[in-house]
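Where a number appears in this text, it was derived from the coordinates with a stated rule and is not lab data. The structure displayed is predicted, hence computed values, not measured ones. A quick note on method: Cβ atoms are made from the backbone with ideal geometry, for glycine too, and the neighbour counts reach across all protein chains shown.
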Amino acid sequence: MRVGIMGGTFDPIHNGHLHIAKAALAQFSLDEIWFLPNGNPPHKDASVIKSKVADRVAMIALAIADQPYFLLNEYESNRSDVSYTYQTLEHFKKQYPYHEFYFILGADSLQNLEKWKCPERVFAAANFLAAYRDEMDTRSEMEACIRYLEDKYQAHISLLIAPPVDISSSDIREALKEGREITGLVPDKVYDYIKSQALYRSL
């Protein structure tokens, strides 16, 4: 089975995440996409995350409820300690030896991946799909970055052409803080949940 993995804090999950997942599913003939919310990410201070992990998990479940090939995986969100990507990918590889994993990330994350803990183990545990939007100036720069990482780490990285969607979780949180509408930026069920739980109103 070919499984795509989308990790992140998803604070909150938005339509941009879903568009990238759908593009990956189609372009690389994946069988499933696992949404992997991180409960205690190593790269973010806990104070930066503005909603509880239970709320972020609930919003993902609502966002993907009508997508049969999208699944919620709570491996990291159920952990109390810091979750490092290399540990998670190695765990999945051991638990599902016949699966082929494709880790989906943005161009900005790809640029910084060498700063992640044990990058050589990260690259050894999965293939990588780098979603290209506008984080880098040109596609040629992105391709140069991919060649560099492939040469240095024997990595397997493919370019994922993502639809141009200008949405970020931080912009959504700011809009909600200011009382602005976010209709069309998140799935309707997610927006309903945010309103019912009064999330992001008192940041």
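Descriptive notes on the structure:
- Cα gyration tensor shape for segment 163-203, rounded if a/c is under 1.5, else prolate or oblate: oblate
- Mean separation of Cα pairs under 8 Å and 6 or more residues apart, divided by the residue count, gives the chain a relative contact order of 26 percent.
- Shape call, segment 2-164: gyration tensor on alpha carbons, a/c limit 1.5: rounded
- Here each label is just a point 7 Å from Cα along the line to Cβ, and for residue 117 and residue 158 those points are 3.0 nm apart.
- Spin-label model, residue 196 to residue 147: label points 7 Å out along the Cα-to-beta-carbon direction sit 5.2 nm apart.
- Among 80, 109, 51: highest mean-square fluctuation, GNM of the chain, C-alpha pairs under 10 Å: 80
- Counting lysine pairs in the chain whose alpha carbons fall under 24 angstrom apart, excluding pairs fewer than 8 residues apart on the same chain, gives 20.
- In Hz, Karplus ³J(HN,Hα) per residue of segment 56-73 (6.51, -1.76, 1.60; θ = phi - 60°; x = Gly, Pro): 5, 5, 4, 5, 5, 4, 5, 5, 9, 4, 9, 10, x, 9, 9, 10, 8, 10
- Here the Kirkwood formula, the inverse mean of 1/r across different C-alpha pairs, assigns segment 73-184 a hydrodynamic radius of 16.0 Å.
- Applying the Karplus relation 6.51 cos²θ - 1.76 cosθ + 1.60 with θ = phi - 60° to segment 160-166 yields 3J(HN,Hα) values of 9, 7, 8, x, x, 10, 9 Hz, where x marks Gly and Pro.
- Sequence-distant residues sharing a close amide H with residue 103 (under 5 Å, placed H): 5, 127, 128, 129
- Residue 124-residue 170 FRET efficiency (beta carbon distance; Förster radius 35 Å; 0.05 resolution): 0.65
- Sorted by Cβ density within 10 Å, fewest first, the residues 33, 161, 182: 161, 182, 33
- Those trypsin sites (Lys or Arg not before Pro) in segment 73-120 that DSSP places in a loop and that have at most 13 other beta carbons within 10 Å: 117
- MRE, 222 nm, helices only [DSSP H, n ≥ 4, -39500 (n - 2.57), over the chain, to nearest 500]: -12000 deg cm²/dmol
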